[in-house]
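Have a look at this one before I ask anything.
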Amino acid sequence: MEFSVKQALGVTNWFQDMCGIIGMIAQEEVTPTILEVLKKLEYRGYDSAGLATIQNSKIERRRAQGKIENLELLIKEKPLSGHIGIGHTRWATHGVPSESNAHPHQKGDVIGVHNGIIENFREIKAELEIKGYQFTSETDTEVVVQLCASYLDLGYTIEKAFESTLSRLEGAFALCFMFKVNADKLLIARRGAPLVVGYGNSAVFVGSDAVSLSHLIDDVIFLEEDDWAIVESKSLNIFNKSGVITNREKKRIERDFGEIGKGNYQHFMLKEINEQSEVLSYATASFIDHKSSRVEMLQGLNEIKSISRLILIACGTAYYACAVAKYWFEKYAKIPVEIDVASEFRYRDSPLEDEDLVVLVSQSGETADTLAALRKVKGKVKKIISIINVMESSIARESDFVLPIKAGPEIGVA
């Protein structure tokens, strides 16, 4: 089995924050806007980038290794036009950074982009190779696209082919596909990775997050786990895991994301390091009642008074924050505290008690292992609290009580 360096370092559990997806259906040309959004998504991946459109029943694709500026130069040389398109910026997990491994991937009449990791792609690839399908990349994404194409070859409609493809996949993904035979639709799906549908004045968007689209949209719909959808310019049909058409709440987009720019700093990480004191002050201000000198963040959570143990679960730097919090809880609250790395906790047979309180910490609210840990303890402990920065994230929606960090969008990635 071949793994990239990032897999060897164990960063595959970060996929929910890596790779950026954009899809767009509009009355105007989509290429300039997709490129603009890809620049805002570049913090999710900078190994390669690509963009595809459909014009006059023909799929056109441009891909380039490296940063978005390389893709821009390529499109200046070989322009793309169309009123429907998809784009992607990649953080390599399967296959080295290269043009051939860059998204979008295409097979015949279907082309798609993907964020996530398909765990059974090798088995599916072997099946397709026996049937004569040939591959041009090392990626799991091409396997998904070719699988969908194989169903089209059997005479399936695009909707049936897409749904049949989803039923074969194991792992986590956010997908956005276009089809030459239905050049007015995007077919999308999510499992374990975020995906949103946004509405602007004259366009509909699909994206990895609402932040990158916030300057373009007025309303947003957050797909829930295992949702898939048919996106058109004037309609949206969402189906749940059972294939039943369902409704998801449309929400007004927040306008307080602020300008996603580096300001006078060389890069986003340096900017965010220097902003820590200001962000901390803002994040805690809404939790403190200065008139009564009381912390009000736990109003409505009386269970904390009667817990037997506090279990803190997180990954990466969020785990280090838990390590500090353990000392504070034990010193000031006199509560027994355990801390655990989510990627270890989710696979262990840890004894849980009815009076345990579990606290999950995740900036994105989509960290795969932390989300899996949440689902493992649900219904087995007194209460689940999440400390997150994205209120519409999966972890926030599935927790009993949410403490928002309110630190603004995270752009810098270590």
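The values are calculated or read from the model by the stated rules, or taken from the named source; none is laboratory data. These figures come from a predicted structure and were not determined experimentally. Quick reminder, even Gly has a Cβ in these numbers, built from the backbone with ideal geometry, and neighbours come from all protein chains shown.
All but one of (1) touching a Lys or Arg at 6+ places or on another chain (Cβ under 9 Å); (2) among the hydrophobic types (A, V, I, L, M, F, W, C); (3) farther than 30 Å from E392 by Cβ hold for I130; which doesn't?
Unmet for I130, out of (1) touching a Lys or Arg at 6+ places or on another chain (Cβ under 9 Å); (2) among the hydrophobic types (A, V, I, L, M, F, W, C); (3) farther than 30 Å from E392 by Cβ: (1).
Report, ordered by the first and then the second residue, all pairs with beta carbons closer than 6 Å, sequence separation of six or more or different chains, a first member in region 374-402 that is modelled with pLDDT under 90, and a second member that is of a type in the set (D, E, K, R).
S393/E366; S394/E366
Then there's this: Filtering region 98-118 down to residues that are at pLDDT below 90 and not in a strand (DSSP E or B), which residue is nearest to T157 (Cα to Cα)?
H103
Going by the conditions given, is V211 part of a strand (DSSP E or B) and farther than 15 Å from F177 by Cβ?
In short, no.
Which of the following residues is more than 15 Å from A52 (Cβ to Cβ) and out of contact with any strand residue (DSSP E or B) (no Cβ under 8 Å at 6 or more places or on another chain): E170, E138, E119?
From the options E170, E138, E119, the qualifying one is E138.
Now for a separate question. Can you spot a residue in region 388-399 that is in contact with a Lys or Arg (Cβ under 6 Å, 6 or more places away or on another chain) and not aliphatic (A, V, I, L, M)?
Start the filter on region 388-399 by keeping residues that are in contact with a Lys or Arg (Cβ under 6 Å, 6 or more places away or on another chain), which leaves none.
No, the conditions are met nowhere in region 388-399.
Okay, next question. For region 350-371, enumerate the residues that are closer than 22 Å to T317 by Cβ and not small (G, A, S). Steps first, please.
First pass over region 350-371, keeping only residues closer than 22 Å to T317 by Cβ: 358-371.
Correct list: V358, V359, L360, V361, Q363, E366, T367, D369, T370, L371.
Report, by residue number, each residue of region 266-285 that is polar (S, T, N, Q), under 12 Å from A407 (Cα atoms) and loosely packed, with under 13 Cβ neighbours inside 10 Å. Give the steps one after another, and end with the answer.
The initial filter retains those residues of region 266-285 that are polar (S, T, N, Q), namely 266, 274, 276-277, 281, 284.
Narrowing the set further to residues that are under 12 Å from A407 (Cα atoms) leaves 276-277, 281, 284.
Across region 266-285, the qualifying residues are Q276, S277, S281.
Let me ask another. Inside region 339-353, can you point out the residues that are of a type in the set (K, R) and either surrounded by fewer than 18 Cβ atoms within 10 Å (Cβ to Cβ) or touching a Gly at 6+ places or on another chain (Cβ under 6 Å) (or both)?
As a first pass, look at region 339-353 and keep what is of a type in the set (K, R): 346, 348.
The one that is of a type in the set (K, R) and either surrounded by fewer than 18 Cβ atoms within 10 Å (Cβ to Cβ) or touching a Gly at 6+ places or on another chain (Cβ under 6 Å) (or both): R348.
Follow-up question, since we're still on this one. So for region 249-256 (the condition being farther than 30 Å from V197 by Cβ, among the β-branched types (V, I, T) and at pLDDT 75 or above), does at least one residue qualify? Walk me through it before giving the result.
Within region 249-256, the first condition is being farther than 30 Å from V197 by Cβ, and the residues that meet it are none.
No, that holds for no residue.
Among the listed residues I217, I230, I238, identify the single one that is among the hydrophobic types (A, V, I, L, M, F, W, C), assigned by TED's automatic domain parsing to the domain that holds G82, at pLDDT 90 or above and assigned to a loop (DSSP other than H, G, I, E, B). Even if it seems obvious, please write down each step before you answer.
Working: I230 fails: assigned to a loop (DSSP other than H, G, I, E, B); I238 fails: assigned to a loop (DSSP other than H, G, I, E, B).
Unique residue meeting the criteria: I217.
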